[in-house]
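Student: First the structure, then my questions, so here it is.
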Amino acid sequence: AIERNRRAGFADYELSKWNFENDDGEAPQITAAMKRYVENFSTLERQGKGLLLYGSCGTGKTYAACEVANALIDKGYPVLVTNFARLLNDLQGTFERQEYINRLNYYRLLVIDDLGVERNTEYAKEQVYNIIDGRYRAGLPMIITTNLAFEKISKPDDMENMRIYDRILERCYPIKVDGSSRRKKALMREYKDMKNMLGL
């Protein structure tokens, strides 16, 4: 059952390996906070309380969110890890949009990656609002990651984003995930390995 939940919960199955056991230890305070979120999930779920992980690219926001998802799946909770681009593509391909959004509420935790990279159209903003509002009204928790600056989220420049971000901030505790880019470090290691292999 746990393995079924894990396969259903990750559109990209590689993310199912992003767990506390494989953490590189570079952000101990963030890792500890994610562990405490898992430990207190039964209380936080009743309160509909989630997290907003924000910061620049490559600092480990998605990894931290997946650590929580994997730990909760291990405890038997159904969790979905996805992103807004994928959700919007799915919604565009279905006539039963409200039914699709309602089905997201089957998951005890919804992790949505990369808020702010979706298409900046009225349609996209309306669907993002509907997804967030569906969880908000159901009192169900979300973890949302974004590269947007907190200033942009707390003081949006248009009404559509204000409707979205206000609901997120009401239910998701904001945590800044900063530091050097892990992605760049990994890339530099790969380049070095290739350089040595090729004798350059």
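Student: Does LEU80 fit the bill of being closer than 23 Å to LEU15 by Cα, among the aliphatic types (A, V, I, L, M) and either open to solvent by 30 Å² or more (accessible area, probe 1.4 Å) or free of Cβ contacts under 8 Å to residues at least 12 places away in the same chain (or both)?
Tutor: It is false that LEU80 is closer than 23 Å to LEU15 by Cα, among the aliphatic types (A, V, I, L, M) and either open to solvent by 30 Å² or more (accessible area, probe 1.4 Å) or free of Cβ contacts under 8 Å to residues at least 12 places away in the same chain (or both).
Student: Here is a further query. So for segment 103-111 (the condition being of a type in the set (Lys, Arg) and under 25 Å from LEU148 (Cβ atoms)), does at least one residue qualify?
Tutor: no
Student: Let me spell it out: the conditions are (1) crowded, with 19+ Cβ neighbours inside 10 Å; (2) out of contact with any Lys or Arg (no Cβ under 7 Å at 6 or more places or on another chain), and GLY50 meets all of them except one. Which number is the exception?
Tutor: (2)
Student: Restricting to segment 57-77, what's the tally of residues that are modelled with pLDDT of 90 or more, assigned to a loop (DSSP other than H, G, I, E, B) and open to solvent by 20 Å² or more (accessible area, probe 1.4 Å)?
Tutor: Residues meeting the conditions: 3.
Student: Looking only at segment 1-8, decide whether some residue is open to solvent by 80 Å² or more (accessible area, probe 1.4 Å), hydrophobic (A, V, I, L, M, F, W, C) and modelled with pLDDT under 95.
Tutor: Yes, that holds for at least one residue.
Student: Considering every residue within segment 178-196, establish whether at least one is modelled with pLDDT of 90 or more and within 17 Å of the chain's Cα centre (by Cα).
Tutor: No.
Student: Another one. For the list (1) touching a helix residue (DSSP H, G or I) at 6+ places or on another chain (Cβ under 6 Å); (2) over 30 Å from GLU122 (Cα atoms); (3) not aromatic (Phe, Trp, Tyr), I need the number of the one condition that ASP24 fails.
Tutor: The single condition ASP24 does not satisfy is (1).
Student: A further question follows. For GLU122, only one of the following conditions fails: (1) within 21 Å of LEU148 (Cβ to Cβ); (2) open to solvent by 70 Å² or more (accessible area, probe 1.4 Å); (3) at pLDDT 90 or above. What is its number?
Tutor: The number of the failed condition is (3).
Student: Suppose the filter is touching a Ser or Thr at 6+ places or on another chain (Cβ under 8 Å) and either farther than 25 Å from ALA124 by Cα or not in a helix (DSSP H, G or I) (or both); does ASN5 pass it?
Tutor: Considered against the rule, which asks whether it is touching a Ser or Thr at 6+ places or on another chain (Cβ under 8 Å) and either farther than 25 Å from ALA124 by Cα or not in a helix (DSSP H, G or I) (or both), ASN5 comes out as no.
Student: Further question on the same structure: Taking interchain pairs and intrachain pairs at least six residues apart, which have beta carbon atoms under 8 angstrom, with the first residue in segment 1-21 and without any contact (Cβ under 8 Å) to a residue 40 or more places away in the chain and the second open to solvent by 80 Å² or more (accessible area, probe 1.4 Å) and not hydrophobic (A, V, I, L, M, F, W, C)?
Tutor: Pairs that qualify, where the first residue is without any contact (Cβ under 8 Å) to a residue 40 or more places away in the chain and the partner is open to solvent by 80 Å² or more (accessible area, probe 1.4 Å) and not hydrophobic (A, V, I, L, M, F, W, C), are TYR13/ARG7.
The values are calculated or read from the model by the stated rules, or taken from the named source; none is laboratory data. Just so it is clear, the model here is predicted, and its values are computed rather than measured. With ideal geometry, Cβ positions are generated from the backbone for all residues, glycine too; neighbour counts draw on all protein chains shown. In case anyone asks, the SASA skips ligands and DNA or RNA and just uses the protein heavy atoms, side chains included. Shrake-Rupley method; radii C 1.70, N 1.55, O 1.52, S 1.80 Å.
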